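In what follows, a single structure is set out as structure tokens and then discussed.
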Amino acid sequence: MFLFLIPLLLGFTFNAASAFTSTYFHKWGERRGSIVSVVLRDVLGIPVWTVGFGMAFLTPSWQFFATSIISQVLGWFLIGGGGAIILAALFTIRTRSVRPSTRDTLAEDGLYAWVRHPIHSGTLLEFVGLFFIRPTQVVVITCALGILWVFIQTWLEERDLLQRMPDYREYRRRVPLLIPHFKGLK
């Protein structure tokens with residue numbers, strides 16, 4: 001019943017290991033270090049934990065509540081909103097997301113003017129949306145682990161960004177981590 005945990009946790013581990021970009025650069029040089037980060041995240045991380053989520057969705061277990069049209073619409077709305085946030089963030093950082101470098105510049109526009117990790121914010125919305133679409137015990141466990149992983153990944157990336165980008169410390173003081181501040185909006 002819990003076979004989904006193997007790819008899920010392996011994928012999360014590989015993905016988290018991608019957050020040590022500056023360490024890989026110092027150890028193997030910028031080109032190889034960048035390749036290591038990309039392979040860990042894009043080849044071994046995201047695809048493998050996605051398989052874990054798929055397996056969890058297919059695993060039968062008891063439901064917390066009966067799904068309705070409202071829970072389905074809410075779930076798809078959260079997934080769509082999270083996906084839109086992720087795409088907008090990727091559009092802003094472009095190649096910096098594909099191939100990290102010690103020469104990356106700080107993204108402070110678009111969604112990055114509102115939160116430091118909009119991709120992670122979007123991912124959190126998607127995990128909550130998955131729960132509303134399929135509120136089973138296994139999916140709840142999977143989403144809870146996913147949410148925990150996002151916070152760990154964010155913490156690790158914060159440390160790496162502080163090492164790679166001198167301006168990140170000031171940016172960190174001004175811009176919230178995952179949830180925007182709406183004070184001052186009219």
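Given the residues VAL39, VAL48, VAL73, which is the only one that is farther than 30 Å from ARG173 by Cβ and within 15 Å of the chain's Cα centre (by Cα)?
VAL48
Residue check: is LEU162 outside any helix (DSSP H, G or I) and touching a Lys or Arg at 6+ places or on another chain (Cβ under 7 Å)?
No: the conditions fail for LEU162.
Let me confirm something: among GLY83, GLY146, which residue is part of a helix (DSSP H, G or I), in contact (Cβ under 8 Å) with a residue 60 or more places away in the chain and in contact with an Asp or Glu (Cβ under 9 Å, 6 or more places away or on another chain)? Working first, answer last.
Numbers: GLY83 fails: in contact (Cβ under 8 Å) with a residue 60 or more places away in the chain.
Step by step, each of GLY83, GLY146 is checked, and only GLY146 is part of a helix (DSSP H, G or I), in contact (Cβ under 8 Å) with a residue 60 or more places away in the chain and in contact with an Asp or Glu (Cβ under 9 Å, 6 or more places away or on another chain).
Quick check on the stretch 102-124: of everything there that is surrounded by 19 or more Cβ atoms within 10 Å (Cβ to Cβ) and of a type in the set (A, V, I, L, M, F, W, C), which residue is modelled with the lowest pLDDT?
ALA107
If a residue counts only when it is touching a residue at least 60 places away in the same chain (Cβ under 8 Å) and among the small types (Gly, Ala, Ser), which helices (runs of 4 or more DSSP H) contained entirely in the stretch 12-77 have at least 2 such residues?
Fully inside the stretch 12-77 and qualifying: 30-38, 46-58.
Given VAL39, VAL48, VAL43, which one is buried (at least 18 other Cβ atoms within 10 Å of the Cβ), closer than 19 Å to ILE119 by Cβ and out of contact with any Asp or Glu (no Cβ under 6 Å at 6 or more places or on another chain)?
VAL48
For GLU126, state whether it is among the charged types (D, E, K, R) and in contact with a Gly (Cβ under 7 Å, 6 or more places away or on another chain).
Answer is yes for this residue.
Hey, can you tell me all the residues within the stretch 129-168 that are of a type in the set (Lys, Arg) and at pLDDT 95 or above?
ARG134
The values are calculated or read from the model by the stated rules, or taken from the named source; none is laboratory data. On a predicted model such as this, the values are computed, not experimentally measured, just so you know. Virtual Cβ from ideal backbone geometry, glycine too; neighbours counted across all protein chains shown.
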